[in-house]
Amino acid sequence: FSERQKRKKTQKTGRTGEGSGHWSLGEVRLKVTGTLDDCACDVETIDSFNNKEIFPKLQKLLSSDYFRFYQVNLNNPCPFWTDHSQCGLKYCAVKPCTPGEVPEGLKSSSYKYSEEASQDLEKCEKVEKLGAVNSSLSDETLQALQEWKKHDDESDRFCMLDDEDSPESKYVDLLLNPERFTGYKGPEAWRIWNSIYEENCFKPYSVKRPLNPLVSNSGEHGQGFYRWLEGLCVEKRAFFRLISGLHCSINIHLSARYLLNENWFEMKWGHNVSEFQLRFDEELTEGEGPKRLRNLYFLYLIELRALAKILPYFERPTFHLYTGQPTQDNKNKKLLLELLHVAKSFPLHFDETALFAGNKKEAMKLKEDFKLTFKNISRIMDCVECFKCRLWGKLQTQGLGTALKILFSERQIEAMPNTSNTNPSFQLSRQEIVSLFNAFGRISTSVRELKNFRSLLSKLKQ
């Protein structure tokens, strides 16, 4: 659509929703209300809880040093195709931190959580290295044992975290490199999402390809891209809804931080209502826009549930958000625990026990497929040509992968010791912690931005 066509069609079809679960956003009509599919929760409860209870605390936490610095390798080659080139747009660039900008406590090690651990680094490494168990082991055997340990560490993960060990990884200040519209679009951008939806969302081969979730494939409202989902099991349906929710959230961010004006003395970023309408208006998307937003709420519930379940891990007295600044570190841990207790208090949490609950053998096979498919999606992020988009894509997929790891590690979390003398059966690296909370921060921001767009659209209608 041209801008004139979009306005004309919106003016022609836009109307105030009454009944039937319609949510009126000025000229936009969205069916985003009431109970969500496969959940016992409703949209209104999430809106109120997020905007009043979660969002303010979360934003304060994410502005702290522990959470604002993220380690990432943006130079990984794409593992799936070779004919891609780097984005040349100036807003795609990412500015890495200089060594002096990163707190020393963060650089000591990704798995150190306390000052004592940092001070005793040499001693700990001697004890923890497998070679210390038996100095007579050959180099080949040591290498094999280390590979086994690495495999065990990765077996519970739903995403790739190889950036932690990469010599090319650099720290990035997320506050100085915000997620926003960069101009990266067209065939190159859609190649990423097509690869995800076409090859990594359990889509039946009987469904005609190509299938693009932002282009309707049917004249029937609500029957386009989503018709094939009805025949999937709850686990595969949930997987697609998570990816769709992530995609929806990213599109909201880009619509909310759009380059509205640029001249020699300033750049103005803000809400692009037309872009939002194009992606989520019920009429312009032939009924599919509201479904995308409902998937956003589903994703919110999944990540909120993970935060509630991980509370015991962070409550341990041996855990610290260590940056080398004791006073601030203690304040941040207190704020973190307050946030997690609020998350736990949510009255209508998602029940993850409904997933992988059938035949034990079939459930294990399905869970492994689920995990491998999500790992594949995390690898696709290295094919994103826009570096800023790659940064936030990697962070958000890693955050969702960490949330899934938490949801399916309940027994290990419950069995954790409260002392530092025993290696816990469940562990999170700093990379996983930072991505978990920043990813949820993005979802929380998206839910909050819907309120802003509702207000803007209401003003336009007046």
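The values are calculated or read from the model by the stated rules, or taken from the named source; none is laboratory data. All of these numbers come straight from a predicted model, not from anything done at the bench. For neighbour counting, all protein chains shown are included, and Cβ atoms are generated from backbone atoms with ideal geometry for every residue, glycine included. Please note that ligands, DNA and RNA were not included when accessible areas were found on the heavy atoms of the full protein model with its side chains. Shrake-Rupley method; radii C 1.70, N 1.55, O 1.52, S 1.80 Å.
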Spelling it out for V32: with amide H atoms placed in the peptide plane at 1.01 Å from N, the residues 5 or more places away or on another chain with amide H under 5 Å from its amide H are W23
When only Cα pairs under 8 Å and 6 or more residues apart are kept, what is the percent relative contact order across region 231-335? 22 percent
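With all protein chains present and a 1.4 Å probe, how do H341, H271 order by accessible area, largest first? Walk me through the numbers before you get to the answer.
Values: H341 95, H271 65 Å².
The most accessible residue leads, giving H341, H271.
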Mind putting a number on the dipole of region 242-355 about its Cα centre? Charges go on the C-beta only, +1 for Lys and Arg and -1 for Asp and Glu, and I need it in Debye to the nearest 20. 600 debye
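Of the peptides 258-267, 171-180, 93-102, 393-402, how do they stack up when ordered by the mean number of other Cβ atoms within 10 Å, highest first?
Details: 258-267: 9.8, 171-180: 16.9, 93-102: 12.7, 393-402: 25.3.
Sorting 258-267, 171-180, 93-102, 393-402 by mean packing, highest first, produces 393-402, 171-180, 93-102, 258-267.
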Convert each backbone phi in region 166-183 into a coupling constant with the Karplus relation 6.51 cos²θ - 1.76 cosθ + 1.60 (shift: θ = phi - 60°), then list the ³J(HN,Hα) values in order as whole Hz, x for Gly and Pro. 7, x, 8, 5, 10, 7, 10, 7, 5, 5, 8, 10, x, 6, 6, 5, 10, x
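For the ranges 244-256, 33-45, what's the packing order if you count other beta-carbon atoms within 10 Å of each residue, average per peptide, and put the highest first? Mind dumping the intermediate values first?
Working: 244-256: 23.3, 33-45: 15.6.
By packing density, highest mean first, the sequence is 244-256, 33-45.
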State the extension gain, in nm to one decimal, for the chain segment bounded by S455 and R411, taking 0.36 nm per residue of separation less the distance between their alpha-carbons. 11.4 nm
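In debye, nearest 20: dipole of region 357-462 around its Cα centre with unit charges on the Cβ of K, R (+) and D, E (-)? Intermediate results must be reported in sequence, preceding the final value.
Numbers: 19 positive and 9 negative charges, 90 e Å.
With only Lys, Arg, Asp and Glu charged at Cβ, the dipole is about 440 debye.
Output the pairs from K57/K451; K60/K451; K52/K371 with a Cα-Cα distance over 23 Å in this structure; if there are none, say none. Working shown, then result.
Working: K57/K451 18 Å; K60/K451 20 Å; K52/K371 34 Å.
Pairs exceeding 23 Å: K52/K371.
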What whole number of Å gives the distance from the Cα centroid of region 234-275 to the Cα centroid of region 338-364? 28 Å
Rounded to the nearest 0.05, what FRET efficiency do N75 and E262 have when you use their Cβ-Cβ distance and R0 = 41 Å? 0.90
Selected from P417, F374, C386, residue furthest toward positive end of dipole (region 356-433; charges at beta carbon): C386
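May I ask which of K203/K405; K185/K291; K344/K375; K333/K367; K185/K331 have a Cα-Cα span longer than 30 Å here? Please list the in-between numbers first.
Details: K203/K405 23 Å; K185/K291 23 Å; K344/K375 28 Å; K333/K367 33 Å; K185/K331 41 Å.
Where the Cα-Cα span goes over 30 Å, the pairs concerned are K333/K367; K185/K331.
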Under the Karplus curve 6.51 cos²θ - 1.76 cosθ + 1.60, θ = phi - 60°, whole-Hz ³J(HN,Hα) for region 320-329, x wherever Gly or Pro sits: 9, 7, 7, 10, x, 10, x, 4, 5, 4
